Amino acid sequence: MALLQRVSHAGAAVPSALVNPLSLSGLSFVLSTVSGWPTGAGGQPFFVVVDPGNSFEEKILCSSQSGGNVNVASGGRGADGTTAFAHTAGAVVEHVGTAIELDDDNDHVYNTGRDDHLNYAPTSGARPFTGLVTMQAGLTDTGIFTQNGNATINGNETVTGTLGVGGDISGRSLAISGLSGAAVASRYVGATLAGPPTTGIFNLGDYVVSQDGSVYVCTTAGSPGAWRAGLSGAPRGNVATTTGPATQTDFTSGTVISLPANLVSGRRYKVTGYCFGSQQTSTGTPQCSLADSAGYTGGSIVRLFSTLSTPANFAEVGTAVWVFAATATATVTFQLNVSTSAGAFRVVANASQITVEDIGV
């Protein structure tokens, strides 16, 4: 019979004796000494044997002991296969372990059908995990795994069945082996603000989703590897836009505004520069040009204005466009520069703009 309760033990309990007789149905008794004896604290009962070695030896399960006053647990008389007897005053009483405890422990170890610990999930799946669960690295799931809360996996998880998640999966990457016909392994490795990753080590087939709405796939493993926009052949739309300057500014020469843009190898981009301003102080020849800080092979400097002299206070507006194929994945800073041969060229606040658009492959 399983005890299904924690039993108390004390290794230094000295032998004692009954102070008064114990009747056949008695449920309490007094001991002459209780040095080293358990008390039943924490709701943990203990066993005693009365008249050990005699034909009327009896084991009793006791619920508590205080100052030598002992209370018998419910159904505790005649325990561990013994029979209840009446005992006289002076009968020897000892604190003991029992066969029922040893048998309970052995049955718990060797009977795999027992389910004593309700805080553990059994292998039968009869009771699911609850609360925080920590798995070892290399977890392999060959059946149906259903996750209704939040799962944090710090190692590797391989799922060959069906993975159903009702909450969130949070991790560094999500590896998918794929279905029949698309069985090549692939990993979702996270997101970027814009463009593919520029640092880190990636595998062939890894993919990211950037926060500007694009998908990139790693076509050559490495650090960071080679990446290609996932929507091959389709226009991706606006990559970046900026306006300026922040305040009205008079230039003799300089950069009006600049714009960093993430370019992907194999994609074509249209870069548009626009500027509005007026010649100041004296007649001069204002020029505005579109350039890039990295010397990217997109074309030569484009002049937005004619070289004809412009009288003072005469307004100029100009626009120019580059269209080119990116030959490398990189972040390129485009600049809108202005200069004048005399006086100053006044650019109105936020009257200049650079726009970079992905127009496909």
Practice problem: Could you please give the count of residues in the stretch 274-290 that are assigned to a loop (DSSP other than H, G, I, E, B) and buried (at least 21 other Cβ atoms within 10 Å of the Cβ)? | Solution: 1
Exercise. Please find, among Thr33, Thr39, Thr82, the residue that is farther than 26 Å from Asp107 by Cα, touching a residue at least 12 places away in the same chain (Cβ under 8 Å) and surrounded by 15 or more Cβ atoms within 10 Å (Cβ to Cβ).
Key: Thr39
Self-check item: Within the stretch 239-270, considering residues that are under 32 Å from the mean Cα position of the chain (by Cα) and not in a loop (DSSP other than H, G, I, E, B), the one farthest from Thr327 (Cα to Cα)
Solution: Ala240
Quiz item: Can you spot a residue in the stretch 255-264 that is under 24 Å from Ile153 (Cα atoms), modelled with pLDDT of 90 or more, crowded, with 17+ Cβ neighbours inside 10 Å and not polar (S, T, N, Q)?
Solution: no
Exercise. Could you identify the single residue in Gly213, Gly178, Gly244, Gly225 that is of a type outside the set (S, T, N, Q) and in the same structural domain as Leu263 (by TED's automatic domain parsing)?
Key: Gly244
Practice problem: Run down Arg187, Arg172, Arg236, Arg228 and say which single residue is basic (Lys, Arg), modelled with pLDDT under 75 and surrounded by 12 or more Cβ atoms within 10 Å (Cβ to Cβ). | Solution: Arg236
Practice problem: Could you grab the pairs with beta carbons closer than 7 Å, sequence gap of 6+ or different chains, first residue in the stretch 52-66 and surrounded by fewer than 21 Cβ atoms within 10 Å (Cβ to Cβ), second one in a strand (DSSP E or B)? | Solution: Pro52/Val92; Pro52/Glu94; Glu57/Val49; Ser63/Asn71; Ser63/Val72; Ser64/Asn71
Practice problem: Enumerate the pairs (first residue in the stretch 98-116 and under 16 Å from Lys59 (Cα atoms); second residue anywhere and of a type in the set (Val, Ile, Thr)) with beta-carbon separation below 9 Å, excluding pairs fewer than 6 apart on the same chain, so at least 6 apart or on different chains. | Solution: Thr98/Val7; Thr98/Val49; Glu101/Val7
Quiz item: Among Asp107, Asp103, Asp116, which is the only one that is assigned by TED's automatic domain parsing to the domain that holds Val19, at pLDDT below 95 and touching a helix residue (DSSP H, G or I) at 6+ places or on another chain (Cβ under 8 Å)?
Solution: Asp116
Practice problem: Determine if the stretch 291-310 includes at least one residue that is assigned to a loop (DSSP other than H, G, I, E, B), under 20 Å from Thr242 (Cβ atoms) and at pLDDT 90 or above. | Solution: no
Self-check item: Total residues in the stretch 317-342, condition buried (at least 19 other Cβ atoms within 10 Å of the Cβ) and not hydrophobic (A, V, I, L, M, F, W, C)
Solution: 4
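The values are calculated or read from the model by the stated rules, or taken from the named source; none is laboratory data. These figures come from a predicted structure and were not determined experimentally. Here the Cβ is made from the backbone with ideal geometry for all residues, glycine too, and neighbour counts use every protein chain on show.
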